[in-house]
Amino acid sequence: MKEIKNNLNTNIYYIIVWAIIAIIIGGLFIDNPRLSDFGWSFIFQLVLAFSLSMFLLLYPKKETDIFRISIIVLASIYFYSLFLFYPDTGSNFILLCFIPALSILFFNSKLFYFTLCINGGLILFLFGYITFMNQKPQYSYLEQDLIGNVLNFIASQIIIYFIFYLTNGRMKKQQLYYEQIQQSERLKTSGQLAAAVAHEIRNPLTVVKGFLQLYEKDNSFSTNQKRNFTLMIDELNMAEQVISQFLTMAKPEQEKLTELVDVKGVLQSVTDLLHSYGLLHDNRIELKVTEDCTISANVIELKQLLINIIKNAIEASNYGDLVIVTAEREKDYVVMKVIDHGKGMSDAEVASLGTPFYSLKSKGTGLGLMICFNIVEKYNGKIEFKSSKNHGTTATIRFPYYDRTKLFR
């Protein structure tokens with residue numbers, strides 16, 4: 001019973017649910033020996049059937065854990081009431097065996113294991129009740145082969161678990177495949193963008209850079225003016241580096257130029273650079289780095305990555321908020337975190353991060369994070385965002401740890 005996503009699925013869902021309700025009502029009113037006395041057991045089943053039907057009909061509008069648990073609990077109670085109230089009907093025991101299968105329809109691992117454990121405990125209690133409370137004559141079909149029925153129940157639970165295991169594994173593979181498709185589309189778009197604009201941007205940059213280099217060697221300019229020319233040339237080099245990133249995304253097979261990078265030194269340099277930017281909004285950056293955080297990467301690209309992430313954290317923070325930047329070793333990884341306490345994002349917004357031209361800023365292009373995702377992937381790292389509305393965001397970046405001592409062995 002996967003979440004209802006479109007009108008076609010909704011219509012199919014309601015057709016199946018109404019068929020189930022019709023079967024339940026038919027079972028209650030057609031040739032039911034308890035219908036004649038209309039006792040408390042029949043009324044109890046009637047209330048259960050009505051409650052279960054209402055939850056099933058309302059579920060597409062309320063796809064919450066409470067509704068899922070309520071449907072499983074009501075269905076379980078209903079099946080167990082059939083078993084207890086109609087001991088002569090052997091097929092009711094089969095229904096008890098397949099109660100955990102109901103939770104598979106919701107594709108929820110916790111709900112499945114919860115249902116599997118609870119049902120196993122209830123069955124053991126039920127067999128104990130039948131055995132020690134002298135109820136065997138009423139359940140003759142169980143009494144004839146009690147051990148065999150117990151083994152059959154265990155076998156049915158194993159089969160259900162195996163079905164869930166395969167189904168859940170396939171769902172995870174499909175999710176991974178979907179994420180890979182998204183990443184491929186992101187790289188395809190960025191590649192097309194790179195091919196379209198790189199040449200057009202590089203031409204004017206080359207002209208400007210050439211004139212600046214010429215002025216830099218001209219003795220008619222003062223030392224301070226030459227220093228400014230040098231600074232402008234450095235910034236143009238940075239712009240060319242960004243363009244190269246686009247070309248790298250267009251041609252990911254390009255050779256990686258890596259070096260041994262001390263994460264602490266890079267983070268200190270980046271936070272010092274962004275310190276004055278944070279003060280514009282009264283945001284202070286707090287840096288916490290443990291020793292021996294070494295990775296293999298390109299320093300310029302790593303700085304570009306961290307500047308983007310920390311700058312975004314500052315811009316998302318409220319006036320006067322603290323932005324926390326940490327780095328530490330976790331087994332074979334160096335883990336960097338950028339934590340802000342700003343406006344946060346919804347799950348849908350987090351899922352769209354890194355998509356070209358998707359940005360939560362009024363004047364943003366989304367290209368900055370797209371490049372960040374590419375840099376992280378390039379050096380076998382991982383990046384993830386955890387966020388909730390009005391509770392801030394935590395950006396976690398993982399890179400494989402590089403042991404310095406390997407260089408001297």
Conditions (1) charged (D, E, K, R); (2) at pLDDT 90 or above; (3) surrounded by fewer than 21 Cβ atoms within 10 Å (Cβ to Cβ): number failed by Asp332: (2)
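Does Ser184 fit the bill of being at pLDDT below 70, more than 30 Å from Lys110 (Cβ to Cβ) and open to solvent by 60 Å² or more (accessible area, probe 1.4 Å)?
Values: at pLDDT below 70: yes; more than 30 Å from Lys110 (Cβ to Cβ): yes; open to solvent by 60 Å² or more (accessible area, probe 1.4 Å): yes.
Yes; evaluated as a whole, the condition is true for this residue.
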Cross-chain or 6+ apart pairs with Cβ under 7 Å, region 341-360 first and closer than 25 Å to His281 by Cα and polar (S, T, N, Q), then modelled with pLDDT of 85 or more and open to solvent by 40 Å² or more (accessible area, probe 1.4 Å): Ser346/Lys389
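Could you name every one of the helices (runs of 4 or more DSSP H) located completely within region 98-177 that has at least 3 residues being within 19 Å of Leu82 (Cα to Cα) and either in contact with a Ser or Thr (Cβ under 7 Å, 6 or more places away or on another chain) or among the aromatic types (Phe, Trp, Tyr) (or both)? Quick ask: steps written out before the conclusion?
Details: elements: 100-104, 109-132, 140-143.
Correct list: 109-132.
Kindly establish whether Leu116 is touching a residue at least 60 places away in the same chain (Cβ under 8 Å) and either surrounded by 15 or more Cβ atoms within 10 Å (Cβ to Cβ) or not aromatic (Phe, Trp, Tyr) (or both).
Details: touching a residue at least 60 places away in the same chain (Cβ under 8 Å): no; either surrounded by 15 or more Cβ atoms within 10 Å (Cβ to Cβ) or not aromatic (Phe, Trp, Tyr) (or both): yes.
Taking the combined requirement at face value, the residue does not satisfy it.
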Residue list for region 136-164, filter: buried (at least 16 other Cβ atoms within 10 Å of the Cβ) and under 17 Å from Cys117 (Cβ atoms): Phe153, Ser156, Gln157, Ile160, Phe164
Subset of region 71-111 (residues that are open to solvent by less than 30 Å² (accessible area, probe 1.4 Å), over 18 Å from Phe153 (Cβ atoms) and polar (S, T, N, Q)): Ser81
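When you look at Lys311, is it open to solvent by 40 Å² or more (accessible area, probe 1.4 Å) and modelled with pLDDT of 85 or more, yes or no? Working first, answer last.
Numbers: open to solvent by 40 Å² or more (accessible area, probe 1.4 Å): yes; modelled with pLDDT of 85 or more: yes.
It is true that Lys311 is open to solvent by 40 Å² or more (accessible area, probe 1.4 Å) and modelled with pLDDT of 85 or more.
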Leu84 vs. criteria out of contact with any His (no Cβ under 8 Å at 6 or more places or on another chain), part of a helix (DSSP H, G or I) and free of Cβ contacts under 8 Å to residues at least 12 places away in the same chain: yes
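The values are calculated or read from the model by the stated rules, or taken from the named source; none is laboratory data. These numbers come from a predicted model, not from an experiment. Cβ sites come from the backbone with ideal geometry, for glycine too, and all protein chains shown count toward neighbours. Just so you know, the surface numbers come from the protein's heavy atoms only, side chains and all, with ligands and any DNA or RNA stripped out. Shrake-Rupley method; radii C 1.70, N 1.55, O 1.52, S 1.80 Å.
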